[in-house]
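Report on the following structure.
Please treat every number below as a calculation from the coordinates, not as lab data. From a predicted model like this one, the values you see are computed outputs, not experimental measurements. With ideal geometry, Cβ positions are generated from the backbone for all residues, glycine too; neighbour counts draw on all protein chains shown.
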Amino acid sequence: MPAPNPNAVEFLLNRRSRPQKTLTTPVPDRDALSPILTAALRTPDHGKLEPWRLIVLDGAALKSLAPLARERGAAMGKDQAEIDKGALQFETSELAVVVVESPVASEKVPAIEQTYSAGAVCLSLLNSALASGWGANWLSGWASHDRVFVETGLGLAAHERVAGLIHIGTEKAAPPERPRPALEDKVAWHLA
């Protein structure tokens, strides 16, 4: 008979991301963030390759990336609304953790499984922050997919890419609950 953890199940049944624009200070300091990061790295990882790494950006580091996002948006021909949206997450955030997919050459573990593992780190990080009482949101955006931006601004190697930016802070306003998918719409049962 399994030993249930009703508190964990209750958390997962009710967890919800907090919009990045509703997050403010205070943010977790290094001591508060360390167990969140440790929990995030306990993620599925076929072959124990650890095909990911994390970059912690404080408010000053984030704000220093905003001009590069604006410059890149203009160079890419994006309209002003897209440029503003892309730069805003850097201009207004006080703490973000960049989850970097850093694939490892492997004959046994396909690249797609390493991508899934990096995505699992994003979700684990998001849920760890929420379970620790912080507001958190998983974003990406066009800048995080632009090679010049990620290599120049974040120091990514040519084989790496951003899986997500997890913004963490104190929630200043709770968003309304959104509709969730119904099991009958998303689950097929094939049981003997």
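Quick notes on this one:
- Selection of the stretch 43-82 for residues being polar (S, T, N, Q) and surrounded by 15 or more Cβ atoms within 10 Å (Cβ to Cβ) yields only THR43.
- Qualifying residue in the stretch 113-122 (condition: of a type outside the set (Ser, Thr, Tyr), more than 19 Å from the chain's Cα centre (by Cα) and closer than 23 Å to LYS48 by Cβ): no
- The one condition from (1) of a type outside the set (A, V, I, L, M); (2) within 20 Å of ALA157 (Cβ to Cβ); (3) over 20 Å from the mean Cα position of the chain (by Cα); (4) assigned to a loop (DSSP other than H, G, I, E, B) that PRO4 does not meet is (2).
- Selection from the stretch 47-87 of residues that are under 28 Å from TYR116 (Cα atoms) and without any contact (Cβ under 8 Å) to a residue 12 or more places away in the chain: LYS48, ALA61
- Considering (1) assigned to a helix (DSSP H, G or I); (2) without any contact (Cβ under 8 Å) to a residue 60 or more places away in the chain, the lone condition that SER106 does not fulfil carries the number (1).
- Conditions (1) surrounded by 13 or more Cβ atoms within 10 Å (Cβ to Cβ); (2) closer than 30 Å to LEU49 by Cβ; (3) not aromatic (Phe, Trp, Tyr); number of the one not met by GLY155: (1)
- Residue count for the stretch 83-112, restricted to those that are touching a helix residue (DSSP H, G or I) at 6+ places or on another chain (Cβ under 6 Å), under 18 Å from LEU165 (Cβ atoms) and surrounded by fewer than 19 Cβ atoms within 10 Å (Cβ to Cβ): 1
- Test result for ILE36, part of a helix (DSSP H, G or I), within 27 Å of ARG16 (Cα to Cα), free of Cβ contacts under 8 Å to residues at least 60 places away in the same chain and β-branched (Val, Ile, Thr): no
- Within the stretch 113-145, restricting attention to residues that are of a type in the set (S, T, N, Q) and in a helix (DSSP H, G or I), the residue that is surrounded by the fewest Cβ atoms within 10 Å (Cβ to Cβ) is THR115.
- Residue in the stretch 72-79 that is in a helix (DSSP H, G or I), closer than 25 Å to THR22 by Cβ and not acidic (Asp, Glu) present: yes
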